[in-house]
Structures are given as C-alpha cells and as structure tokens.
Amino acid sequence: MLSAYWCDHALLEDGPVAGVRILVDDGRITAVERGATLAPGDSRLPGVVLPGLANAHSHAFHRALRGRTHDRGGTFWTWRERMYAVAARLDPDSYLALARATYAEMALAGVTCVGEFHYLHHPAGGGRYADPNAMSAALVQAASEAGIRLTLLDTCYLAGGLDGTGHLPLDDVQRRFSDGDADAWAARFAAQQESPGVRIGAAIHSVRAVPADQLPTVVRAAAGRPLHVHLSEQPAENDACRACYGSTPTRLLDKVGALGPSTTAVHAVHVTDEDVALLGSTGTSVCACPSTEADLADGVGPFRRLRDAGSPLCLGSDQHVMTDLIGEARLLEGGERLTSGERGRFSPAELQAALTTDGHRSLGWSDAGSLAPGRRADLVAVALDSPRTAGCAPGQVLMAASAADVHTVIVDGRVVVSEGRHVLGDVGRLLADAIEPLWEDR
Ligand SMILES: [Zn+2]
C-alpha cells in the first residue's frame, strides 16, 4: 500500500532538509522529494524526521533491574548478583511479557531494530526446554508484537569466569546459560530460522565465558552473520586474560579470526593502543553503551580514537538503565568532552550514523538506517516544539531531544507509535506487570 509522509524537516544523508515528502510502498521508501509541499492525503510528520534508530546491544531481561540496584558501595560484581537473581526467575512466558514490554519501550524511543545479546537459553538450574530454543522464540515473538525488527545474537556462554589460573566452573545461575561446549551451542544455533523481521547472529559472551579452544567453533558457525562479543568492559577481564593467555582479550580474539567487518566489539572501554589499532585495521565495529558504562562504573572508552583507527561505532542501551538512544549518543559525545577537554569530538552527523546506518549494519540490516529510495521505511519523528527541543536547530536535535520527544515511529512502513502512543497501549503498565512479580518475596 502506498503512503506519503510530509516532513517539516528530515535528516537526509547530506544533512537536514526542510519540506521533505517521503513515499513508502510495501515497507520500502520509494521516493524522497525535497522542497515538496504538503499534498492532499499526505500524513504530516511535524518536527524533524530521522531514520530508524538501531539499538545494537540489549539484554532484555536487565530492564527488570532499573531502579533496583543502587546501593552505597556497589560494584559491577554486586550488580551482577542482582542480575542473576532476576535471571533465575524467568521462564519463556515471563520472558515474553518482559521482553515485549521492554521492546515496546524501545519503540517509543525511536528504536526500529534491536540486537538482543541472548544467553538465557535453558531452564533455571540447567537441562533443556522441550524446544531448546524456547527462550529465543519468546524474544522473536516479543519483538514481533512490539513492532520492531530483531537481530537475535545467540550467545555462546560456557564458563563461570576467568582468573589467572584459567576458566572457572559455572555457578547455579550460570548453568542455564550454557550448552556445555561450543559444538552443542553451534548445533542449537543452527536450528534457528530467520523470518522477515528477524535475523540470527552469533555472540561470544566474552573471553571470560568462552575458553580460547572453543572460540574457533563459534567463529566458524557465525560465518556470514553478525558476530558480537563483550570486550574489555572491566580491567579484571584484561588482567585475567593476560595472566592466562599472555595477551589482551582483543589480541586473543584476533588470533582466532574473530575480528572483522561483520564483528562488533561491545564496550571496548579498557583497550590498549595496540588493541585500538587491531580493532580499527580489521574494520571491527565498536558498540558503545555509555549509560550502562557510567552506571556500572566501567569507565569511558576511547571511542574517537577507535573511530579514527577504522572502527565504525554504534550504540546500545545494554542493561537499560535508560531507554533513550538519543541520550546515549549525547553521552558518547559527553564522555569524549570530559576526557579530552574538547567540544565537538563527534559531529551531529557522526552521532546520527552511529545511531542509524552503522548500528543497522552491525546487526546485519545494511538496507536500513537512512531516508533514501530503496531503503526500509523506518521513520522516527521528533518534536521540535517540546520544552526540551523548542528553539533548537533541526540539524542539532540529537544534542537536545530525549526519547520523550519521539512522537511517531514507523517500522518497515507500519506505524508502531503515533502521537507518543504505542500500538500495544500503556507500556508503563506492561512493564510494571512484567517486572513486579520478579521481585516478589525478595
Ligand atoms: Zn552486554
């Protein structure tokens, strides 16, 4: 069905343009007319229209932790204890409810595609569901009902950690993350089917959770698909990897052929100069998750240097301490300013590329992320008349707006959010209904 959208302003590939008419047919953009006037039958999109945003790194179940982990004296590792407590309570039904609400909140923030770094594979305590991919199926259904595309990054997770002596056994909670070995992971991974809104990619949880001799199997299974990996989020990972393997996590991944243009390293906060050069020269993408990295006291990654070395950047809300990808972009630039003492480290156009084209490409959707003929019809309209955005130049909206200013979201030609309301209704209620039972009796 043909639709026409008339935008007050649109962020096109060459910058902001006023008066843009975008024609959409069968989920694709068929024409972009500049200097157009509003025609009868056009749907008007006030404010400024962006391409769909890609949330390149998500753990849907971490949404249940928001506002629940902030105690004095906490660390990454005390946060992880809370996270494991929630993980232990989820089954396919409760995970469907939580992920559907979490993805609906993302849609409200302008996210049209999410990369779900998924390791909650098996029943609590271990064993298998009747369908060994039942938890994946819950995520696929959740994204479909929330109206966004999904790249399911099926994660290999085999060990309980790494210290100077080697890998540690899985604890009681971690047992449900593991397939036993990389071959068994690869067999379950291979059984998953793609569908029009769903891509299947692979992930290595981290060098902490996958021993080096298992890594090549994952790399082989991922061939031709997106491959994501948590990398050097905390200094302890580097210390253990050096003690055990005599190399940084980045160098270890490079040795087994895990780096390259279809790979995305998530965090890359504590990387050496050599690591930066390796990531850049292999064209490995880097996914910054600035709100999470701040919340977990990870540190600030050298993202400008990584970009200059050749790594495309993308952004993720990761543990969802906030679901605001525009805010993540602003924090990316803010972190650079705080560590460099300079402003304008990333231009608005570079921040837009991280949120859109490069994010989608990291997730395997190279036909999404820009407002151009032939591309997927993902349109995100942001108000320019809210208390936050009033008076700002359309081309600098990413440095002023928040998720609350997104009023219309169209994914593959389908209107998912209109006048700030999601097609599923009250997303706050959906979130509360999914999260509160997970904390009962705790
Ligand atoms: Zn993560």
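Just so it is clear, none of the values below were taken in a lab; they were calculated from the coordinates. Fair warning: this is a prediction, and the values are worked out from it, not measured in the lab. No Cβ is skipped: glycine too gets one built from the backbone with ideal geometry, and neighbour counts run over all protein chains shown.
Of the residues Gln193, Gln174, Gln396, the one that moves most in a GNM of the chain with alpha-carbon contacts below 10 Å is Gln193.
Length available on full extension from Arg337 to His70: 0.36 nm per residue minus the Cα-Cα distance, which gives 93.5 nm. Counting neighbouring Cβ atoms within 10 Å and putting the fewest first, the residues Glu440, Glu237, Glu116 line up as Glu440, Glu237, Glu116.
Can you tell me, using C-alpha contacts under 8 Å and at least 6 residues apart, the relative contact order of region 309-399 as a whole percent?
25 percent
Remark: relative contact order (region 171-320) = 18 percent; criterion is Cα-Cα distance under 8 angstrom and separation of 6 or more residues. Shown in residue order for region 31-37 are the 3J(HN,Hα) couplings computed by the Karplus curve 6.51 cos²θ - 1.76 cosθ + 1.60 at θ = phi - 60°: 7, 10, 9, 8, x, 7, 9 Hz (x for Gly and Pro). In region 1-110, the DSSP beta bridges split such that about 75 percent are antiparallel, to the nearest 5.
What is the sum of charges around Thr263, taking Lys and Arg as +1, Asp and Glu as -1, for the other residues whose C-beta is under 13 Å from the C-beta of Thr263?
Local charge sum for Thr263: +1.
Multiplying the residue separation of Ser281 and Ala184 by 0.36 nm and subtracting their alpha-carbon distance yields 31.7 nm. Footprinting exposure proxy ranking of Val300, Val269, fewest other C-beta atoms within 10 angstrom first, gives Val300, Val269. Placing R0 at 41 angstrom, the Cβ-Cβ distance between Ala130 and Trp77 gives a FRET efficiency of 0.75 after rounding to 0.05. The helix-based estimate of mean residue ellipticity at 222 nm for the chain, built from -39,500 (n - 2.57) per DSSP H run of four or more residues and divided by its residue count, is -9000 deg cm²/dmol to the nearest 500.
Of the residues Ala354, Ala368, Ala186, the one that moves most in a GNM of the chain with alpha-carbon contacts below 10 Å is Ala186.
Counting every other Cβ atom within 10 Å of each residue's Cβ, Met135, Met399, Met106, Met83 order from fewest to most as Met399, Met83, Met135, Met106.
Under a 5 Å amide H cut-off, with hydrogens placed 1.01 Å from N, Val417 pairs with Val409 among residues at least 5 apart or on other chains.
Suppose R0 equals 25 Å. What FRET efficiency, 1/(1 + (r/R0)^6) with r the Cβ-Cβ distance, do Asp433 and Asp171 give to the nearest 0.05?
For Asp433 and Asp171, the calculated efficiency is 0.25.
I'd like the FRET efficiency for Val423 and Tyr84, computed as 1/(1 + (r/R0)^6) with the beta carbon distance as r and R0 of 30 Å, rounded to 0.05. Once rounded, the FRET efficiency stands at 0.35. Contact order, relative form, for the chain: 21 percent (alpha carbon pairs under 8 Å, 6 or more residues apart, mean separation divided by residue count). With springs connecting C-alpha atoms under 10 Å apart, model the chain as a Gaussian network and identify which of Asp298, Asp324, Asp378 has the largest mean-square fluctuation. Of Asp298, Asp324, Asp378, the most mobile in the Gaussian network model is Asp298. Highest mean first, the peptides 108-115, 84-91, 335-342, 369-376 sorted by other C-beta atoms within 10 Å per residue fall in the order 108-115, 369-376, 84-91, 335-342.
Amide H to amide H, with H built 1.01 Å from N, Thr151 comes under 5 Å of Val114, Gly115, Glu116, Arg199, counting only residues 5 or more places away or on other chains.
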